[in-house]
Amino acid sequence: MIYRKDANFPYPVLSDTSHSYAANHFDLDVNVSENADYYHFNFNYKIDSEFISEQISRRKAQLILIIQSKDNKFYNLKQGQRTIEIHKSRISLSKRTSVQLHIQALEDINFASNDDLNEFYIQFREEVNVPKFSLLGYSNVNVFDGSITKPFDLFEKRVDENLKSDIKVELGQETIIIHYKNPEFQFSHLPKSNVLNNPYIYAGLSKALQAFIINNSDDGDVDIEDMQEPDGSLDLKLYNLMRKKMVTELNMDNIDEIIYMISDRIIEKYTAAVEGVIMDGS
């Protein structure tokens, strides 16, 4: 479970909300990124207590990462581990996902040498024996909205009956604009109409990424990791999206691969939606 308020324990526990320790900070900072198949949780933490840190380094205690979304997931961390990769089939991030770090005793621990306790516990620390598998500390809680940058936030839809074509993809200052000559081309009358528009989304992303390469490269290769933030608003959105999705390099030859990485299986979802329409029709 995740602790959001100070909990009562029969022994001193290290946490920002408890005063069992003279210096009680146990700070966690988490960043979440993703690609088509995995979520990547990258984290740093700071433990004020030298006693607790020593128990971890001597493998008398371990760190456990708790991810609370639609259900709770627990991940035992190795010594010095600062990242964890989780396949999307094993976890679903909800609209409110919480992450916390716990410290668990791996054997019975006596607090006689714990100089980090507050004055109250220092008086009888020799008598404090924490059983194996007990909680020694818990960090602050990091909360995420669960929807890590979505590519569809890049798009606008407009209807223009004067178009000379059925569909037109235009790159605006901040968005990719899809113009429809006929509103029926948006499939608004069918279930999953947004998903049925995915081929247009694909075309828009392809056009925008080609323009991104032209705007930000002299030789046709863009090093996303080393480049400076682009000036244009749309390019900046694409840049941030690619960084979130852990894209490292962009060129004309790998545009389709990059679209797969940043768009969360839009062709697969489109195919499933079409099959659903066919089944309903039959």
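The values are calculated or read from the model by the stated rules, or taken from the named source; none is laboratory data. All values derive from a computational prediction rather than experimental measurement. Using ideal geometry, Cβ is built from the backbone for each residue, glycine included, and neighbour counts are taken over all protein chains shown.
Values for this structure:
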| item | result |
| --- | --- |
| Number of the exception - P191 against (1) touching a residue at least 60 places away in the same chain (Cβ under 8 Å); (2) assigned to a helix (DSSP H, G or I) | (2) |
| Inter-residue pairs, beta-carbon under 8 Å, first more than 14 Å from Y21 (Cβ to Cβ) and in segment 124-145, second in a strand (DSSP E or B) and among the charged types (D, E, K, R), 6+ apart | N140/D27; N142/D29 |
| Subset of segment 22-32 (residues that are surrounded by fewer than 17 Cβ atoms within 10 Å (Cβ to Cβ) and either within 19 Å of V99 (Cβ to Cβ) or in contact with a Phe, Trp or Tyr (Cβ under 7 Å, 6 or more places away or on another chain) (or both)) | H25, D27, D29, N31 |
| Within segment 246-267, considering residues that are in a loop (DSSP other than H, G, I, E, B) and polar (S, T, N, Q), the one farthest from the chain's Cα centre (by Cα) | N254 |
| Sole exception among (1) assigned to a helix (DSSP H, G or I); (2) out of contact with any Lys or Arg (no Cβ under 7 Å at 6 or more places or on another chain); (3) more than 20 Å from T175 (Cβ to Cβ); (4) of a type outside the set (S, T, Y) for K237, by number | (3) |
| Search result, residues across segment 157-167 that are of a type outside the set (A, V, I, L, M, F, W, C), farther than 17 Å from F187 by Cβ and either in contact with a His (Cβ under 8 Å, 6 or more places away or on another chain) or at pLDDT below 90 (or both) | D160 |
| Selected residue [closer than 30 Å to E161 by Cβ, over 26 Å from the mean Cα position of the chain (by Cα) and surrounded by 15 or more Cβ atoms within 10 Å (Cβ to Cβ)] from Y200, Y270 | Y200 |
| Residue, surrounded by the most Cβ atoms within 10 Å (Cβ to Cβ), within segment 5-21, restricted to residues that are in a loop (DSSP other than H, G, I, E, B) and hydrophobic (A, V, I, L, M, F, W, C) | V13 |
| Residue satisfying all of: in segment 225-267; more than 16 Å from A36 (Cα to Cα) and free of Cβ contacts under 8 Å to residues at least 12 places away in the same chain; surrounded by the most Cβ atoms within 10 Å (Cβ to Cβ) among these | L236 |
| Residue that is among the aliphatic types (A, V, I, L, M), surrounded by fewer than 20 Cβ atoms within 10 Å (Cβ to Cβ) and within 24 Å of N129 (Cβ to Cβ), where the choices are I109, I64, I103 | I64 |
| Complete set of residues in segment 33-61 that are surrounded by fewer than 19 Cβ atoms within 10 Å (Cβ to Cβ) and under 29 Å from M246 (Cα atoms) | S33, N35, A36, D37, Y38, H40, N42, N44, Y45, K46 |
| Wholly enclosed strands (runs of 3 or more DSSP E) of segment 51-149 bearing at least 3 residues modelled with pLDDT of 90 or more | 61-68, 72-76, 83-87, 97-105, 135-138 |
